[in-house]
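Visitor: The structure's right below; bear with me while I get my questions together.
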Amino acid sequence: MPSFDLGRLLRYGVSGAASTVTHLGVALALHDGAGLWPVVATTVGFAASIVVSYTLQRNWVFRSAVGHGVGAARFLAVTAVAWTVNTVTVGTGTSVLGLPYAYVQAFAIVCIPIVNYALNSRWTFTATEPPAPEPAAGCTRW
C-alpha cells in the first residue's frame, strides 16, 4: 500500500483545479453561451479536461514511469467511470430533479476526484509488473 504523500496530494489538488477549470469553463460556455443541453455541454467540457488531467497527473503529480500505452489506457478506463458518474449525476439532477445545472455540476466535481485519486494512485500510474520475488535462502540463481 502506498505511503501518505502530502506533496503528491497537494499537486493532485492543483492538477484537479486546472482540470476542473477546463471542464467547467468549457461546459458553462457551451451551455450558457451556446445554449447546448447540459449533458452535451458537460461531456464536451469533460473531454477537454482529460488532456490537461492526464498530462499533469502522469508527469507532475505521480511522476510516473509507466509507458503512455499502459498509463493512458488505464487513465481512460478510470476516466470512463468518472464520466459515467458525472453524466448520470448531471442528467438526473437537471432532467429528473429539475435542479440548476451549475449546482449539479459542482456537486459532481466534488465527488469524482476522491474516486479518481484512489484509482490513479494505486493502479493507473503504478508499475505494470510486480517486482520479482527474492530467491529463498541458500538457493542460487543460474
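Visitor: Is there a quick way to get the dipole size of the chain? I mean about its Cα centre, with the Cβ of Lys and Arg at +1 and of Asp and Glu at -1; what is the value in debye to the nearest 20?
Guide: Result for the chain is approximately 260 debye, rounded to the nearest 20.
Visitor: Also: Got a sec to turn the phi values of region 49-59 into Karplus ³J(HN,Hα) couplings, 6.51 cos²θ - 1.76 cosθ + 1.60 with θ = phi - 60°, whole Hz, x for Gly and Pro?
Guide: 6, 4, 4, 4, 5, 4, 4, 5, 5, 5, 8
Visitor: Sticking with this structure for a sec: Taking the Cα atoms only, what angle lies between the long axis of helix 68-91 and the longest principal axis of the chain, rounded to 10 degrees?
Guide: 30
Visitor: Compare the Cα positions of Ala17, Thr124, Cys111 along the charge dipole of the chain (+1 at Cβ of Lys, Arg; -1 at Cβ of Asp, Glu; about the Cα centre) and return the one farthest towards the positive end.
Guide: Positive-end residue among those listed: Thr124.
Visitor: Compute the helix-to-body angle for 101-119: its Cα long axis versus the longest principal axis of the chain, expressed 0 to 90° and rounded to tens.
Guide: Roughly 0 degrees, rounded to the nearest 10.
Visitor: Next up: How high is the relative contact order of region 6-124, given as a whole-number percent (alpha carbon pairs under 8 Å, six or more residues apart)?
Guide: 26
Visitor: Mind checking the angle between helix 6-28 and the chain's longest principal axis? C-alpha axes, 0 to 90 degrees, to the nearest 10.
Guide: In the chain, helix 6-28 runs at an angle near 30 degrees to the longest axis.
Visitor: Based on the mean of other beta carbon atoms within 10 Å per residue, what is the order of 37-45, 107-115, most packed first?
Guide: Order by mean packing, descending: 37-45, 107-115.
Visitor: Still on this structure, I have one more. Quick one: net charge around Arg11, please, counting Lys, Arg +1 and Asp, Glu -1 for every other residue with C-beta under 10 Å from its C-beta.
Guide: Net of charged neighbours comes to +1.
Laboratory data are not the source of any read-out in this text; all were calculated from the coordinates shown. Quick caveat, the model's predicted, so the values are computed rather than measured. Virtual Cβ from ideal backbone geometry, glycine too; neighbours counted across all protein chains shown.
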